[in-house]
Amino acid sequence: MRTFLPTLFFALIMTACLTDSKSIFESENQFLHPSDSLRILALGDSYTIGQSVAEQENWPNQLSDSLQQNLIPVKETHIIARTGWTTGNLLSAVNSQSFDDVYDLVGLLIGVNNQFQGRSLSEYEEQFRELLDIAIALADSQVHRVFVLSIPDYTVTPVGSQFNRGSTPQQIDAFNAVNRRLSEERLVPYYDITPLSRSIGGQYDFVASDGLHFSGKMYATWIAFILPDILSIVLPSP
């Protein structure tokens, strides 16, 4: 049984993540002007839809709530995600959609099932690149309106630990190296939330009821991590 991580130590880890693993994003005074409500699109898998947590506790809806608490109106939070999806599944789903308009923010988190199913890094790179290009197009080619979240480490959860083949965390890191590189090449903001997932230790209130996915409390730490940058995008310049 894992021992519970002391609250102070967890806070220190979160602080380190906030300072050392921040995105590559530089706003360059590029702002949206939300005279109308924002439209948010979130693309991904079980971590995006929020498997085994209430709908309002997944990270896209927590982002929407946080923006509205900061007096940023949100018209729509559209999620295209499903448990078990790989990059190929997400591509098929996105390509089957009809989009009537562009989005003000587009978030992308995908890849854990590529790793879990033993799919190749080369396939992941090709399909993630295509997904990222689609995300940029859906943001009206404004790369600062798109952001990528790294793949979290499921082996820290009680059920996920049973699928740890010893090298699994290193495999997750390898997939994250690909999505980080592609994001940086396109100047898309990248947020490394993997250290946050690994810092939970035995704190099982960060784990969903299925013992495998993360709880709303974990997703809240992701939003706290990315919110300052997101606000710098959507708030009008002084």
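The values are calculated or read from the model by the stated rules, or taken from the named source; none is laboratory data. Only a predicted model underlies this, so the values are computations on that prediction, with no experimental measurement involved. Virtual Cβ from ideal backbone geometry, glycine too; neighbours counted across all protein chains shown.
Just a few scattered comments:
- Tabulated pairs, region 75-96, first within 11 Å of Q127 (Cβ to Cβ) and among the hydroxyl-bearing types (S, T, Y), second at pLDDT 95 or above and not in a helix (DSSP H, G or I), C-beta under 6 angstrom, 6+ apart or interchain: T87/I110
- Per this entry, A174 is not counted among residues that are within 20 Å of I80 (Cα to Cα) and either modelled with pLDDT of 95 or more or not in a helix (DSSP H, G or I) (or both).
So that you can scan it fast, the table gives a plain yes or no per residue for (1) without any contact (Cβ under 8 Å) to a residue 24 or more places away in the chain; (2) more than 16 Å from P152 (Cβ to Cβ):
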{"residue": "V178", "(1), (2)": "no, no"}
{"residue": "L182", "(1), (2)": "no, yes"}
{"residue": "V188", "(1), (2)": "no, yes"}
{"residue": "L196", "(1), (2)": "no, no"}
{"residue": "F206", "(1), (2)": "yes, no"}
{"residue": "G216", "(1), (2)": "no, no"}
{"residue": "W222", "(1), (2)": "no, no"}
{"residue": "I233", "(1), (2)": "no, yes"}
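- Of all residues making up region 94-112, the number that are more than 19 Å from F147 (Cβ to Cβ) and either crowded, with 21+ Cβ neighbours inside 10 Å or under 18 Å from the mean Cα position of the chain (by Cα) (or both): 0
- Flag for F128 being crowded, with 22+ Cβ neighbours inside 10 Å and part of a helix (DSSP H, G or I): yes
Residues checked against (1) in contact with a Gly (Cβ under 8 Å, 6 or more places away or on another chain); (2) crowded, with 17+ Cβ neighbours inside 10 Å:
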residue	(1), (2)
D133	no, no
L149	yes, yes
T168	no, yes
F175	yes, yes
L187	no, no
Q203	no, yes
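- Among the conditions (1) surrounded by fewer than 16 Cβ atoms within 10 Å (Cβ to Cβ); (2) under 20 Å from the mean Cα position of the chain (by Cα); (3) under 25 Å from A139 (Cβ atoms); (4) modelled with pLDDT of 50 or more, N70 misses just one, which is (2).
- Checked against (1) assigned to a helix (DSSP H, G or I); (2) of a type outside the set (V, I, T); (3) modelled with pLDDT of 95 or more, S232 passes all but condition (3).
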